[in-house]
Amino acid sequence: MKCLVVSDSHGDRDVLVRLLHEYRGKVDTFFHCGDSELPHDDPIFQEMFTVQGNMDFDAVIPNEVNPTVEGVTVYMTHGHLVGVNLGLGHLVANAEAHDATLAFFGHTHQLGVERRSGVVVLNPGSITYPRGEFARVGGTYAIVTTSAAGIDVQYYNRQLQAVPELKFHFAD
């Protein structure tokens, strides 16, 4: 399975349209981890799993989703409802409860990826307002690829360029 994960676009619809245009047919699916600030019926969400962030006020957008794509189960939530600012324990517990291999979240605007209790936990960072150590890169998103060899994560900047130092492999 190959997917694109983006978050915290905060009203920047154009960057989402650009990502869809660039990666349509190149990835199996798209995930938006919340704070799009777009309505649930925006046409881009017909091609993208999304969740409600703390800056999304459309109650139709779910707080969490748990799809299985190409045999890989994903748990996604924005992060504010599971306290990611205080740690990832609740997020990982929810992912485990949903039998997820991957857990995606946003909210902090800080990219990061690690494996916890067998779950690869990923924050793509904010595509529009990045924070933290890698804010200098500008907005970021991630491409996640699963295979028999493991899980690969590559982060990209807003110019759709891979960031060489932000490439990770988690062996099975």
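Descriptive notes on the structure:
- Pairs meeting the criteria (first residue in the range 77-89 and on the phi < 0 side of the Ramachandran plot, second residue of a type in the set (Phe, Trp, Tyr), beta carbons under 7 Å, at least 6 apart or on different chains) are Thr77/Phe105; His78/Phe105; Val84/Phe105.
- Qualifying residue in the range 106-128 (condition: of a type in the set (A, V, I, L, M, F, W, C), out of contact with any helix residue (DSSP H, G or I) (no Cβ under 8 Å at 6 or more places or on another chain) and in a helix (DSSP H, G or I)): no
- Gly71 fulfils the conditions (1) among the small types (Gly, Ala, Ser); (2) within 19 Å of Ile127 (Cβ to Cβ); (3) touching a residue at least 60 places away in the same chain (Cβ under 8 Å) except for a single criterion, (2).
- Qualifying residue in the range 92-99 (condition: buried (at least 22 other Cβ atoms within 10 Å of the Cβ) and touching a residue at least 12 places away in the same chain (Cβ under 8 Å)): yes
- Residue within the range 47-57 that is closer than 20 Å to Gly132 by Cβ, surrounded by fewer than 20 Cβ atoms within 10 Å (Cβ to Cβ) and modelled with pLDDT of 95 or more present: yes
- Residue tally, condition buried (at least 21 other Cβ atoms within 10 Å of the Cβ) and among the polar types (S, T, N, Q), over the range 138-163: 2
- Residue within the range 59-78 that is surrounded by fewer than 16 Cβ atoms within 10 Å (Cβ to Cβ) and modelled with pLDDT under 95 present: yes
- Within the range 29-37, at least one residue is within 22 Å of Val144 (Cα to Cα), touching a residue at least 12 places away in the same chain (Cβ under 8 Å), crowded, with 16+ Cβ neighbours inside 10 Å and in contact with a Pro (Cβ under 8 Å, 6 or more places away or on another chain).
- Ala59, sole failed condition from (1) free of Cβ contacts under 8 Å to residues at least 12 places away in the same chain; (2) of a type in the set (A, V, I, L, M); (3) touching a strand residue (DSSP E or B) at 6+ places or on another chain (Cβ under 8 Å): (3)
- Any hit, the range 95-107, residues being of a type in the set (Asp, Glu), over 26 Å from Gly138 (Cα atoms) and at pLDDT 95 or above: yes
- Residues (assigned to a strand (DSSP E or B) and either touching a Leu at 6+ places or on another chain (Cβ under 6 Å) or farther than 19 Å from Arg115 by Cβ (or both)) located in the range 70-102: Val74
- Test: residue in the range 134-150 that is modelled with pLDDT of 95 or more, touching a His at 6+ places or on another chain (Cβ under 8 Å) and in a strand (DSSP E or B): yes
- Residues of the range 113-137 that turn out to be under 21 Å from Val65 (Cβ atoms) and surrounded by 18 or more Cβ atoms within 10 Å (Cβ to Cβ), as a count: 10
The values are calculated or read from the model by the stated rules, or taken from the named source; none is laboratory data. On a predicted model such as this, the values are computed, not experimentally measured, just so you know. For neighbour counting, all protein chains shown are included, and Cβ atoms are generated from backbone atoms with ideal geometry for every residue, glycine included.
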